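Chemist: Provided herewith is a single structure, encoded as structure tokens, for subsequent inquiry.
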Amino acid sequence: MLLDRFRNPRFAITLVFGLNGALYGSWAARIPAVQNRLDLGAGQLGIALAGVATGALLAMPLAGSWAARLGSRRVTRAALVGACLSVALVALSPSLGALVAATLFLGMTNGSLDVAMNAQGTAIERRSGGLILGSLHAAFSGGGLVGALTGAAAAGAGLDVRVHLALLGAVALALGLTATRHLLPGHADAAAAGPRFARPSRALWALGLLAFCCLLAEGAAGDWSAVYVEDALGAPASQAALAFAAFSAAMTLGRLVGDRLVAALGSVRLLRRSGLLAGLGLGAALVLAMPAAAIVGFGLLGAGLSVVIPAVFRSAAATPGAAPGPSLALVSTLGYLGFLAGPPLVGGLAELTSLPVALGAVALCAATTATLAGATGRAPADPRVAAAAEPARA
């Protein structure tokens, strides 16, 4: 029975999303162990972590080009192999220089996998006639949570980070290579002709800006939610940690039901409502300035943002003028820039004003997704999933 499920393309790509999340979540949870093993200072660790961002930004456009030429299946498989190897390599790095090279490779493989697996997901969605991107991103969020929890358990048990991440990489590689054999073949989404890189049309710029705003707020919540509750509101660390937990849980649950909400409301109407929920939820929590309100507010932020990226990627893949891979690569790169920019922008603004004011700007950015929702109104090429797009009148 399980073997039969492995042969289902949707199950296979869902597993890829989950494995990608687990790999990255485990690496994030074991960063302190890598830092301690190499005796790195904060500045040195920052240099190493910059390799992840640099690698992703370099690889995403190339991955989109390769997916257009070869099909997303081959790129997904290759990137998954690289991701499994890179997680082990970062733990095995004997020096700062080797760690920087390993994190650069980690970023390149994860960035490539992000583009390729979303291209494959949109191809499966078009062929299946149903909406699945939301559930795929829920699998990524769930995988990240599992990876973080197993990483915490491994650290608590005193398991050497090199052993932990090597075992994780080996298990993910075995599962991933078995499942990805059954993804849609290359001819399902490879483009024999046409541009290998997406021309930044007005439609793609709008989708990229929407992704930028969403991921800026997401990145800021990840780095500053607990800090705000503990430092600005004076709550204990155990309570402060619940802020990001609420955000993550709401993000995962929102993605689980997101496909059904898109089918019921259309992407434009849903994103208008979800953007207001995200912005007003966090904004109200900042006005109330209470720990309990902050936890609820970050939960509402996660719920509101949860449906944005699947809708953006679905629309990007349907944008005329380029194959899905290059279009997804362009939008993913712009969104990732927002994810990277969010935490330092909040920190700089907090230094000039205060952390609540800086997070107020994040709430405004989240609410901006409501005004940009119309960018997702382009109907998919496959009429069987036309319900994914909302007419402009919504």
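Chemist: Hey, can you tell me all the residues within the stretch 311-355 that are surrounded by fewer than 17 Cβ atoms within 10 Å (Cβ to Cβ) and part of a helix (DSSP H, G or I)?
Modeler: A341, P343, P344, G347, G348, E351, L352
Table: residues versus (1) acidic (D, E); (2) at pLDDT 90 or above; (3) part of a helix (DSSP H, G or I); (4) buried (at least 20 other Cβ atoms within 10 Å of the Cβ).
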{"position": "A139", "(1), (2), (3), (4)": "no, yes, yes, yes"}
{"position": "G147", "(1), (2), (3), (4)": "no, no, yes, yes"}
{"position": "G158", "(1), (2), (3), (4)": "no, no, no, no"}
{"position": "L173", "(1), (2), (3), (4)": "no, yes, yes, no"}
{"position": "T178", "(1), (2), (3), (4)": "no, yes, yes, no"}
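Chemist: Look through the stretch 304-317, keep the residues that are in contact with a Leu (Cβ under 7 Å, 6 or more places away or on another chain) and small (G, A, S), and return whichever of them is nearest to S201 (Cα to Cα).
Modeler: A316
Chemist: Here is a further query. Restricting attention to the stretch 117-172, which residues are polar (S, T, N, Q) and touching an Asp or Glu at 6+ places or on another chain (Cβ under 9 Å)?
Modeler: Q120, T122, S135
Chemist: Considering only the stretch 74-93, I want to know if a residue exists there that is within 20 Å of the chain's Cα centre (by Cα) and among the polar types (S, T, N, Q).
Modeler: Yes: one or more hits.
Chemist: How do the pairs read when you match residues in the stretch 76-89 that are under 13 Å from L19 (Cβ atoms) with residues anywhere that are surrounded by fewer than 20 Cβ atoms within 10 Å (Cβ to Cβ) and of a type in the set (K, R), using Cβ under 9 Å and keeping only pairs 6 or more apart or on different chains?
Modeler: Close Cβ pairs (under 9 Å, with a partner that is surrounded by fewer than 20 Cβ atoms within 10 Å (Cβ to Cβ) and of a type in the set (K, R)) amount to R77/R181.
Chemist: Spot the failing condition for A166; the list is (1) outside any helix (DSSP H, G or I); (2) modelled with pLDDT of 90 or more, and only one is missed.
Modeler: All conditions pass for A166, except number (1).
Chemist: Output yes when any residue across the stretch 254-276 is hydrophobic (A, V, I, L, M, F, W, C) and more than 23 Å from V312 (Cβ to Cβ), and no when none is. I'd like the intermediate steps shown before the answer.
Modeler: Initial filter on the stretch 254-276 (hydrophobic (A, V, I, L, M, F, W, C)): 256-257, 261-265, 268, 270-271, 276.
Keeping just the survivors that are more than 23 Å from V312 (Cβ to Cβ) gives none.
No, the conditions are met nowhere in the stretch 254-276.
Chemist: Right, next: For the subset of the stretch 318-340 comprising residues that are touching a Leu at 6+ places or on another chain (Cβ under 6 Å) and aliphatic (A, V, I, L, M), which member is farthest from D223 (Cα to Cα)?
Modeler: Result: L330.
The values are calculated or read from the model by the stated rules, or taken from the named source; none is laboratory data. Since the model is a prediction, treat every value here as computed from it, not as a measurement. Because the Cβ atoms are built from the backbone with ideal geometry, glycine has one as well, and the counts that use them run over all protein chains shown.
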